[in-house]
Amino acid sequence: MKTELLESPVFSPFRFGMAPAETQVINREKAAPPLEHRDSYLPLPLTIERLPETTWVNIHTAGFTTVQTINFDRAGHPGPDVLNSGFSIGLWWSVASEPRFMVENWVQLDPADIALCYQWKLYGLDRRVKQYRSFLSCKGSKTSGMNYDYALKHYQEALEEIITYAGQQGLTKAEIYRLQAQAQGKPVQMGIEF
């Protein structure tokens, strides 16, 4: 087992606590061709052994997960076991013959930063609502009634989820509107636009 790898830094193109809009700009820049950019990733201020109990959000789905433990794979590389995700938050990659643990599609967050977590929830909701709206707009043309009902149900659930989250955090309507405008990169205005 390569226990010395536990002290390896974690590399990522995303710094701690980035907002959705910032990550999308970086993600587009590193996307083509992606492998050439891996050697330019910066180390995060943590090592693999310090990953447990850290919270991460996926930059594509806005799904949240928490690293539970560190386990070793068959090659002896340590890696995080995460909660609520079917995917690992990273992978081992060799840069100049040096193994590095890379986190490419996840941003580390402080779960106590309610405003930032809310921005990510809004980003995920906006993404889901756009998907469901595209299904709903095709009613009668390319989708069956079952697909329409499925999309409508999940569209409504997505809207209810964000309202519930906001209520659990004790946010006022004014705070919700301000955070939503900020998450969408718009000037602060009243009302929710999807």
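The values are calculated or read from the model by the stated rules, or taken from the named source; none is laboratory data. These numbers were taken from a predicted model, which means no experiment stands behind them. Every residue, glycine among them, receives a Cβ derived from its backbone with ideal geometry; neighbour counts consider all protein chains shown.
Quick look at the values:
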| read-out | value |
| --- | --- |
| Count - residues of the stretch 100-118 that are in a helix (DSSP H, G or I) and modelled with pLDDT of 85 or more | 2 |
| Residues of the stretch 1-40 that turn out to be at pLDDT below 85 and not in a helix (DSSP H, G or I), as a count | 5 |
| Count of residues meeting criterion [in a strand (DSSP E or B), at pLDDT 85 or above and either of a type in the set (Phe, Trp, Tyr) or more than 17 Å from GLU7 (Cβ to Cβ) (or both)] in the stretch 73-92 | 2 |
| Residue identified as of a type in the set (Gly, Ala, Ser), under 19 Å from the mean Cα position of the chain (by Cα), modelled with pLDDT of 65 or more and not assigned by TED's automatic domain parsing to the domain that holds GLN24 among ALA174, ALA151, ALA166 | ALA166 |
| Long-range neighbours under 7 Å by Cβ, at least six apart or interchain, first residue farther than 24 Å from PRO99 by Cβ and part of a strand (DSSP E or B) within the stretch 41-63, second of a type in the set (Phe, Trp, Tyr) and at pLDDT below 90 | THR55/PHE64; VAL57/PHE64; VAL57/TRP120 |
